[in-house]
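The values are calculated or read from the model by the stated rules, or taken from the named source; none is laboratory data. Computed from a predicted model, the values in this text were never measured in an experiment. Here the Cβ positions follow ideal geometry from the backbone for every residue, glycine too, while neighbour counts run over all protein chains shown. Accessible surface is based on the protein model in full, side chains and every heavy atom, while ligands, DNA and RNA are left aside. Shrake-Rupley method; radii C 1.70, N 1.55, O 1.52, S 1.80 Å.
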Amino acid sequence: MKQSKYRIEIEPIGWIESPLKTRAEAPRQGQEAKVKGKIIIYPQFKRAIKGLKVGDYIWVLCWFHLASRTTLEVCPRLAQERGLTGVFCSRSPDRPNPIGLELVKILEIEENKISVEGLDALDKTPVLDIKLYFSPIDCP
Ligand SMILES: C[S@@+](CC[C@H](N)C(=O)[O-])C[C@H]1O[C@@H](n2cnc3c(N)ncnc32)[C@H](O)[C@@H]1O
């Protein structure tokens, strides 16, 4: 089988501090339960926070470090009628590259800590990137 020649190295920009310690206790989507937590940004990336404000929504891209990377098919919880479905047609954390996409609201910014609401990522989940949610771009 053909494989990509690319190997991508990514340094996390921070990590999630959350009351969610196990997969079983996490909501399937953060907007369902409005769980509060913090994104702790490593000091060398702190300047990249500049401009973010309380009340802004941000996309948080994280690495689901406890996920299975061999899963290719799942039964999506919100579309059971579809039966076994490819993971690219689902929001399963279990997938070849377990990248999580969290839409959260900023509650407070203190130094390198961004308090947010709407998380479904577990405590200590590495954060890869943050992007401002901007409805003209994000709502097709
Ligand atoms: C269904 S996924 C949705 C994630 C994200 N909102 C998305 O759409 O990409 C959320 C689930 O991922 C699992 N999860 C959260 N953090 C994880 C981690 N660090 N490693 C593995 N699984 C994780 C939890 O079981 C949680 O309920």
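Numbers at a glance
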quantity: Nearest-20 debye value, region 34-94 charge dipole, Cβ charges on Lys, Arg, Asp, Glu; calculated: 500
quantity: Diffusion coefficient, µm² s⁻¹, Stokes-Einstein with Kirkwood Rh over alpha-carbon pairs of region 99-140 at 4 °C and 1.567 mPa s; calculated: 108
quantity: Too-long pairs where the Cα-Cα distance tops 23 Å, listed order kept, from Lys46/Lys124; Lys53/Lys113; Lys5/Lys131; Lys21/Lys131; calculated: Lys5/Lys131; Lys21/Lys131
quantity: Derived scalar couplings ³J(HN,Hα) [region 23-32; Karplus, 6.51 cos²θ - 1.76 cosθ + 1.60; whole Hz; x for Gly, Pro]; calculated: 4, 4, 8, 7, x, 5, 9, x, 5, 6
quantity: Convex hull volume per residue in cubic angstrom - Cα atoms of the chain; calculated: 143
quantity: q = 0.16, 0.22, 0.25, 0.30 Å⁻¹: log10 I(q)/I(0) that the Debye formula gives for region 67-122, counting C-alpha atoms only; calculated: -0.61, -0.84, -0.96, -1.15
quantity: Residues with amide H under 5 Å from that of Gly14, placed H, sequence gap 5 or more; calculated: Tyr42, Val127
quantity: Residue-wise HN-Hα coupling along region 33-49, computed from phi with Karplus coefficients 6.51, -1.76, 1.60 (Hz; x: Gly, Pro); calculated: 10, 6, 5, 9, x, 10, 9, 9, 8, 4, x, 5, 10, 4, 4, 6, 6
quantity: For region 18-75 versus region 98-140, the gap between their alpha-carbon centres in whole angstrom; calculated: 6
quantity: Computed lengthening from Leu78 to Phe134, 0.36 nm per intervening residue step minus Cα-Cα distance; calculated: 17.6 nm
quantity: J(HN,Hα) series, region 102-107, from Karplus relation 6.51 cos²θ - 1.76 cosθ + 1.60, nearest Hz, glycine and proline x; calculated: 10, 9, 10, 9, 7, 9
quantity: Neighbour cut-off at most 12 other Cβ (10 Å), DSSP loop, GluC sites (Glu not before Pro), region 1-44; calculated: Glu9
quantity: Charge tally in the Cβ shell below 11 Å around Leu72, where Lys, Arg are +1 and Asp, Glu are -1, Leu72 excluded; calculated: 0
quantity: 10 Å beta-carbon shell around Ile49, net charge (K/R +1, D/E -1); calculated: +3
quantity: Accessible surface, per residue, of the chain when the full set of protein chains is kept, probe 1.4 Å, Å²; calculated: 67
quantity: Net charge over other residues, Cβ less than 11 angstrom from the Cβ of Ala121 (K, R count +1; D, E count -1); calculated: -2
quantity: Approximate spin-label separation Arg69-Glu25, in nm, with each point projected 7 Å along Cα-to-Cβ; calculated: 2.8
